[in-house]
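Here the structure comes first, spelled out in structure tokens, and everything after it is commentary.
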Amino acid sequence: MSDVKEKGKCWLYSDEVKKHFFDPRNIFKTDEEAEEYEKSADGIGEVGSPACGDVMRFYIKVKDGKITECRFKTFGCASAIASTSVLSEMVIGMKLEDAKKIKPQDILKKLGGLPPRKVHCSVLGDKALRAAIADYEGKQK
Ligand code: FES
């Protein structure tokens, strides 16, 4: 029983995760909203998670080498939503070069951690952001 209780502790989400899951920042609430935004996005990145099969799509707007806005949509779980929500707050106003240096560990730190089995969910937003930046940079050539 105590073993079950110990393992149970690892299932708990931090207050920060709960805050971002119940009130996610910069997430699209409808497909129509996302479709409209897509027309003016400067870069779009979509990635899937090999661990669970979920998908994340991240949109950025860029001016003078900085991310001025970002939005996302996902089929991912609560951890993916919370991780990408906190990531979206981190990158607004950030230079592209600095945004590229963000690591999943930086996101986890901001979230106050995730249960070990949910760490892969935080990688989804990070990878989608990189893909969106690469999309933007590819269009500049
Ligand atoms: Fe798929 Fe979390 S379980 S993103």
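At 0.36 nm per residue, and after removing the present C-alpha to C-alpha distance, how many nm does the segment from Arg130 to Lys18 gain when stretched out fully?
Values: separation 112, 0.36 × 112 = 40.32 nm, distance 2.50 nm.
Contour length minus the Cα-Cα distance gives 37.8 nm.
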Over 20 Å between alpha carbons, listed pairs Lys61/Lys127; Lys73/Lys118; Lys73/Lys95; Lys100/Lys139; Lys18/Lys39; Lys19/Lys39: Lys73/Lys95; Lys18/Lys39; Lys19/Lys39
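What does the C-alpha gyration tensor say about the overall shape of the stretch 31-109? Classify as rounded when a/c is under 1.5, otherwise prolate if a/b is larger than b/c, or oblate.
Numbers: a/c = 1.98, a/b = 1.12, b/c = 1.76.
Oblate shape, in that a/c is at least 1.5 and b/c is the bigger or equal ratio.
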If one takes the longest principal axis of the Cα atoms in the chain, at what angle in degrees, from 0 to 90 and to the nearest 10, does the Cα axis of helix 119-140 lie? 10 degrees
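Coordinate-derived values only; no laboratory data. Please read these numbers as outputs of a predicted model, since none were measured by experiment.
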